[in-house]
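Visitor: Next up is a structure, given as structure tokens.
The values are calculated or read from the model by the stated rules, or taken from the named source; none is laboratory data. Since we're looking at a predicted model, the values are computed, not measured. For neighbour counting, all protein chains shown are included, and Cβ atoms are generated from backbone atoms with ideal geometry for every residue, glycine included. Remember, those area values only see protein heavy atoms, side chains included, never the ligands or the DNA or RNA. Shrake-Rupley method; radii C 1.70, N 1.55, O 1.52, S 1.80 Å.
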Amino acid sequence: MSEPQKEMSSLNQVRKKERKINVFALLLGFLVIATILTYILPAGEYSRVEVDGRTTVDPQSFKWIDSTPVGFFDMVKAIHTGMVEGADIIFFVLIIGGFFGVLSATGTVDVLITTMAKKLATREKLLIPVMMLFFAVGGSLMGMAEETLAYIPLLIPLALALGFDALTGTAIVLIGASAGFTTAVMNPFTVGVAQGVAELPMFSGMGFRLILFVVVYAVSVWFVYRYAMKVKKSPSIGKYGKYSITNANKLLNSDAKLTRKHKWIMAAFLVNYVILAFGVIKYKWYITEIASLFVILTIVIGVIGRLSVENTVKSFTNGAAALVGGALVIGVSRAVLVVLNEGHIVDPMLHQVSGAIQHIPGYLSVIGIYNFQALIHLILASGTGHAMLTMPIMTPLADLLDITRQTAVLSFSFADGIGNIIFPTAGTLMAGLAIAGISWTKWAKWVLPLVLIQYVIGLIAVVIAYFINYGPF
């Protein structure tokens, strides 16, 4: 077995070992709880009306109705119903996964990051901001999360060679990707899914999120850079995990080169996002158009990358297969909502909550929604599953409280992203720490100040969003 194969095998073993909380088991537990609640809670409903092409709640129309408890077989049927109802988003996720599979098959990402790392080897002051920007952009535009784990074994030796420690190399990857994932300028797996549920134009409101991206990225770079320079001055305070200086030059000895083929693929990727942004803004493109654009880009990249038809199709199916689990999470999450709706207990909960907080200032309601989303993410670390579980409830609640749906989506995406770098239920985080040989307790103690800073940034952001009526609606 070759060295890269051994590293990938080790990485897969770490992933399997560290994911102790099964998201499907968790969601099935929620499904059972939701079914039981249909026997306990009273039933009621609001009337839904069409406003400017979207479905919204008529706040004056609530009425109590006879209970409609959901039976066992109906609970099981809800899983299939949920997958059918979430089919548009499920297939969108699979197409994005297929695109990533073809992109990875060309070797462009691996060569790009290795080339960047080598060029920055003698410029340690640029290493942290530049490499973190790479991962932040990937997290914000492509939802890169687990895909970044393969680069931790590359960045740690480089960090060690420059006088830093293993924690710095790990943080460049995990915190960099999280900074982008949190602000989610065009993340299809969080903001894309949440906006789809909220019936918002896909990737709308990206201007405000772009500002937040700059702020969160800058704060994250400052935090990691400050620590790295302390380690460079006093190596004894560093955290080295299972790495040592002796293997630090492995990355720098790589002969990977960025060829013309790779540059053309990168250019095609950038052009794709320009077209996507133009289509979303000018022509109100939605999931179908965006998915179609990625299908075209996949074919173009396959041709530029000189992949055979068979290799392109195989890479696409492998990439889609890698996200089947995440896609199915969408359907199972939707099943919980199907049960709650069939039991007619969602609207009574909305009625009670909105009634309890309708007399407090709106910005306090926004803060409450933000904190609720953070609490849910501690339990359900899957960003896509989190969106599908909460946004169907948060959307009408936002309507009732006169809060824009875009603000509700922002509350979700920020709470979801911040939790990814500290909650032990986050599989990507735990796998990354295991690769580096750094304990979660040491990491949590170190990263907590940054988490609190990002939490406050998110808090300020959702309050500002409330006051500016962050929209379009």
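Visitor: Can you work out which of the residues in region 335-358 that are open to solvent by less than 70 Å² (accessible area, probe 1.4 Å) and small (G, A, S) is nearest to the chain's Cα centre (by Cα)?
Guide: The residue in question is A335.
Visitor: Okay, next question. Any chance you could count how many residues in region 43-82 are touching a Leu at 6+ places or on another chain (Cβ under 8 Å), among the aliphatic types (A, V, I, L, M) and at pLDDT below 90? Walk me through how you get there before you give the answer.
Guide: The initial filter retains those residues of region 43-82 that are touching a Leu at 6+ places or on another chain (Cβ under 8 Å), namely 46, 57, 59, 75, 78-79, 82.
Add one more test, that the residue is among the aliphatic types (A, V, I, L, M), and what stays is 57, 75, 78-79.
Retained after the next criterion (residues that are at pLDDT below 90): 57.
Number satisfying all stated conditions: 1.
Visitor: Right, here's the next one. Only residues that are closer than 21 Å to I418 by Cα, free of Cβ contacts under 8 Å to residues at least 12 places away in the same chain and among the hydrophobic types (A, V, I, L, M, F, W, C): list them for region 333-371, please.
Guide: L364
Visitor: Mind telling me which of the residues I464, I453, I457 ends up being within 19 Å of the chain's Cα centre (by Cα) and either open to solvent by 10 Å² or more (accessible area, probe 1.4 Å) or without any contact (Cβ under 8 Å) to a residue 12 or more places away in the chain (or both)?
Guide: On the way: I464 fails: within 19 Å of the chain's Cα centre (by Cα); I453 fails: within 19 Å of the chain's Cα centre (by Cα).
Every option except I457 fails the conditions.
Visitor: When the residues of region 282-306 are narrowed to those that are without any contact (Cβ under 8 Å) to a residue 24 or more places away in the chain and either touching a Phe, Trp or Tyr at 6+ places or on another chain (Cβ under 9 Å) or polar (S, T, N, Q) (or both), which ends up least open to solvent (accessible area, probe 1.4 Å)?
Guide: Per the stated criteria, the residue is L293.
Visitor: Quick one: I95 ticks every box in (1) at pLDDT below 85; (2) surrounded by 21 or more Cβ atoms within 10 Å (Cβ to Cβ); (3) more than 26 Å from E342 (Cβ to Cβ) except a single one, so which number is it?
Guide: Going through (1) at pLDDT below 85; (2) surrounded by 21 or more Cβ atoms within 10 Å (Cβ to Cβ); (3) more than 26 Å from E342 (Cβ to Cβ) one by one, I95 breaks only (1).
Visitor: Across region 298-354, what is the number of residues that are of a type in the set (D, E) and touching a helix residue (DSSP H, G or I) at 6+ places or on another chain (Cβ under 9 Å)?
Guide: Restricting attention to region 298-354, the residues satisfying the condition of being of a type in the set (D, E) are 310, 342, 347.
Checking the rest, the ones that are also touching a helix residue (DSSP H, G or I) at 6+ places or on another chain (Cβ under 9 Å) come to 342, 347.
Looking only at that region, the number is 2.
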